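Accompanying notes for the structure given below.
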Amino acid sequence: MYFTRPLGKLIEEFQKFPGVGPKSAQRMAFYVLDMSPEAASVLAASIIDAKEKVRHCSHCFHLSAQDPCEICSDEKRDKTLMCVVADARDLVALERTREFKGLYHVLCGLISPLDGRGPDKLSIRELLSRVPVESVREVILAINPTVEGDATVLYLSQLLKPLGTKVSRIAFGLPVGSDLEYADDMTLTRALEGRREI
Amino acid sequence: MRIKKIHLGQFRNLSSASVELGHGRNILIGQNAQGKSNFLEAIELLATGKSSRADSDFDLIAWGAKEMHAELVLEGGRGEEILSFALRQPAASCVAEKGGQKTQLSCRGSRVERTVKVNELTQPSAAGLIGRLIVVSFKSQDLNLLRGGPKFRRDWIDSLILKLRPSFQEVFSSYQKTIAQRNKLLKTLFEKGKLTVSDQDQLLVWDKQLARFGSRIIKTRLTLLSDLLPLAQDQQEKLSSQREHLSLRYVFRAPAERSASLEQVEEPDADGSTESPLSTGPLCAEKLAAMEELDLARTLLKELKDHRFEELRRRQSLIGPHRDDIVFCLNETDAASFASQGQQRSIVLSLKLAELNCIQEKLNDLPVLLLDDVLAELDTARQAQLLLAVEANMQTIITTTHVSGFDPIWLKDARIFTVCQGNINADKSAPASHL
Ligand SMILES: Nc1ncnc2c1ncn2[C@@H]1O[C@H](COP(=O)(O)OP(=O)(O)OP(=O)(O)O)[C@@H](O)[C@H]1O
Ligand SMILES: [Mg+2]
Ligand SMILES: [Zn+2]
């Protein structure tokens, strides 16, 4: 059974999405066929629009339609605090808390030789030049505690510490409302490493 | 803990088997190649999330079938738990047309799909099964603990760690990821040829990661070995009427050659076996336990630094717990090279009994014991010692082709099953009739 060419092409394109297998790709393509022509145009237009307008901010590498981005151009932000995140989604998650009032720097990934991602593929050089120029007082690394995340943190701290800025990493530990008794070894070890005086 | 019942569908040659196991001894009798070991393999799969003898998940599915499932009901300290493991081959292929050509959007080559559940709850990975059903298995291949390569010994101690501390899986998988990343980096840098400062910084990062997870693994192994050793020594002494003293040492392996620079990269590798143990002195239990994680991490870091060029040349991580070994000695001589066959069997039995004791002591619960074919191979004295260690209420599953060599006590109150061409049936007749 073969799909006619335009449909086959659409399925093929959907299948390139992360986590989308042939079955889901088919389902998505059939959904598109069922859409009204207007809705389908809106979808196509938003893809082109997003692709055209969204850029990396030249300061912090956040995704934005303006440069510098909304955060970097916000006068009320504390410019001496800088939070380093792996990608824009982490930035958005932190912004949702409304707790952090400083600036960000988006690395655009984590160090991972297996994925061909060395430090040169990330926005590390830009980070290193921002820190002294913008007289940042503290760099907070908000990077996931995975093997690649930890490696990236180690790498960054090797380079940031000589600059004389305070470098910290957000704490990892027990989820709020959880029970010490049921925590796994890794979580407990992390929580112990990240303990603080009270 | 006990397995109440187990159900298998299309698991290797067991097309459909439902077995209600007895509380104590269960004996599966059958000719060669009927499915006895397959049955035990299924139990181990549900206990550890992996098979010790299958190269890929694919091998576990009955030939010609598209899926398999294995499920058991466990009665333990946490009440009843249902463990299940299912495999499914995705539909062969879907076809789409591309640029006028018919292209196969191939689904083949994609992995067999796993579904692992505990009490109907889907687990993110097979590791979700770890730590629920604890089995100690003893089979003739266990002689590899002495005769086989270092991997057999590492796998043995690591699997014992997981039985006692299931969440240690996280450390093992972080270490494996680190090694994979580090090896890739070594390969990339080797191909590039010249190391920049940034490259060296990058290597240092992965050194630190290796040292961090590696030292935790080594420390945990050392501690466990030092707990296990006296138990095994005790068994060995009993087996040999006090004549044989068992000892062990943990060997940190490192490449012997230390080439000094990258200039030597073109030089062909003389032979693969340039390993020499870093630490050879026999480590007594106290000394083993005294090594601290931080010291170990520091040692690893230093060794990594000293072997940088050798590692680059071989494009592989050559130092760390994934290369280490355990050497067993009988009366201070290397048992793998010098002990007799019978002595080697005794050592393996001692280690297994020590494992059994250790689990009982630490978990305060009885593991399930699997004896694949080994009982008939043991002489009466060894069978007796095994009997001593196996409490009557420890669930034991024994496979054999015949029970003639068994000490009659094994058969007392045992539930007998016959295994024939992939069918497993409870034998209603009295066990004594098999004698
Ligand atoms: N995926 C599979 N599908 C069907 N049959 C299989 C599969 N994998 C293995 N077998 C077959 O299962 C049979 C039984 O194997 P098993 O190892 O359980 O035998 P056994 O009863 O333990 O025999 P022995 O007494 O010789 O140890 C073997 O003949 C093997 O060829
Ligand atoms: Mg067998
Ligand atoms: Zn910005």
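The values are calculated or read from the model by the stated rules, or taken from the named source; none is laboratory data. None of the values given here were measured: they were computed from a predicted structure. Positions of Cβ are generated from backbone atoms using ideal geometry, with glycine treated the same way; all protein chains shown enter the neighbour counts. Side chains are part of the model used for accessible areas, which takes the heavy atoms of the whole protein and leaves out ligands, DNA and RNA. Shrake-Rupley method; radii C 1.70, N 1.55, O 1.52, S 1.80 Å.
Laid out as a table, the results:
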read-out: Cα→Cβ-extended label distance, 7 Å offset, between B:LEU294 and A:ALA45, nm; value: 6.5
read-out: Pairwise burial A:B, computed as accessible area of each alone minus the pair, summed, 1.4 Å, Å²; value: 2800
read-out: Rounded to the nearest 20 debye, dipole of chain A from Cβ charges on Lys, Arg, Asp, Glu; value: 360
read-out: Cα→Cβ-extended label distance, 7 Å offset, between B:LYS302 and B:SER241, nm; value: 4.8
read-out: Ranked order, A:HIS62, B:HIS245, B:HIS23 - accessible area, probe 1.4 Å, largest first; value: B:HIS23, B:HIS245, A:HIS62
read-out: A:ALA171-B:VAL118 FRET efficiency (beta carbon distance; Förster radius 35 Å; 0.05 resolution); value: 0.70
read-out: Distance from region A:68-113 to region B:312-372 (C-alpha centre basis), Å; value: 51
read-out: Residues in region A:52-72 that a label on A:ARG89 would reach, taking backbone N under 15 Å of a point 7 Å out along Cα→Cβ; value: A:63
read-out: Dipole of the protein assembly as shown, positive end: most advanced residue of A:ALA65, B:LEU143, B:GLY77 [Cβ charges, Cα centre]; value: A:ALA65
read-out: Within straight-line cross-link reach of B:LYS362, lysines at Cα separation under 24 Å, skipping those fewer than 8 residues along the same chain; value: B:LYS4, B:LYS50, B:LYS139, B:LYS163, B:LYS219, B:LYS238, B:LYS287, B:LYS352
read-out: Accessible area of A:GLU181 in the full protein assembly, 1.4 Å probe (Å², nearest 10); value: 140
read-out: Positions from region A:121-155 whose accessible area shrinks by 20 Å² or more when the full protein complex is built, not the chain alone, probe 1.4 Å; value: A:VAL147, A:GLU148, A:ASP150, A:ALA151, A:LEU154, A:TYR155
read-out: Straight-distance crosslink candidates among lysines, where the alpha carbon sits under 22 Å from A:LYS101 and sequence neighbours closer than 8 are dropped; value: A:LYS76, A:LYS79, A:LYS166
read-out: Computed over chain B: relative contact order in percent, which uses C-alpha pairs under 8 Å that are six or more apart; value: 25
read-out: Nearby aspartates and glutamates by direct alpha-carbon distance to B:LYS192 (threshold 16 angstrom, same-chain neighbours under 8 apart not counted); value: A:ASP120, B:ASP201, B:GLU263, B:GLU266, B:GLU310, B:GLU311
read-out: Surface accessible to a 1.4 Å probe, A:LYS16 within the full protein complex, Å²; value: 130
read-out: Cβ-placed point charges (K, R +1; D, E -1), dipole of the protein assembly as shown about Cα centre in debye, nearest 20; value: 920
read-out: Occluded residues from region B:168-192, i.e. those whose accessible area drops by 30 Å² or more once the chain is not alone (1.4 Å probe); value: B:GLU170, B:LYS177, B:GLN181, B:LYS184
read-out: Estimated distance in nm for a label pair at B:LYS5 and B:ASN331, the labels positioned 7 Å out from Cα along Cα-to-Cβ; value: 5.4
read-out: Value at 222 nm in deg cm²/dmol, rounded to 500, when DSSP H runs of n ≥ 4 in the protein assembly as shown each add -39,500 (n - 2.57); value: -12500 deg cm²/dmol
read-out: Cα point-scatterer Debye curve for the protein assembly as shown, base-10 log of I(q)/I(0) at q = 0.07, 0.11 Å⁻¹; value: -0.61, -1.27
read-out: B:LEU143, A:LEU160, reordered so the largest accessible area comes first (probe 1.4 Å); value: B:LEU143, A:LEU160
read-out: Surface share of carbon and sulfur [accessible, 1.4 angstrom probe, percent] for region A:5-53; value: 66
read-out: For region B:1-76 versus region A:1-18, the gap between their alpha-carbon centres in whole angstrom; value: 41
read-out: Accessible-area value, B:THR196, 1.4 Å probe, nucleic acids and ligands omitted, Å²; value: 70
read-out: Probe 1.4 Å, protein heavy atoms only - accessible area per residue of region A:5-53 in square angstrom; value: 73
read-out: Accessible-area order (highest first, 1.4 angstrom probe) of the listed residues B:LYS238, B:LYS4; value: B:LYS238, B:LYS4
read-out: Computed over region A:25-112: relative contact order in percent, which uses C-alpha pairs under 8 Å that are six or more apart; value: 23
read-out: Rounded to the nearest 20 debye, dipole of region A:5-53 from Cβ charges on Lys, Arg, Asp, Glu; value: 220
read-out: Region B:380-409 versus region B:135-181: alpha-carbon centroid distance in Å; value: 26
read-out: Between helix A:124-133 and chain A: long-axis angle, C-alpha atoms, 0 to 90°, nearest 10; value: 50
read-out: Cα lying deepest toward the dipole's positive end in chain B, options B:LEU388, B:GLY30, B:ILE130, charges on Cβ; value: B:ILE130
read-out: Most positive-pole-ward Cα, B:THR333, A:PHE100, A:PRO18, against dipole of the protein assembly as shown from beta carbon charges; value: A:PRO18
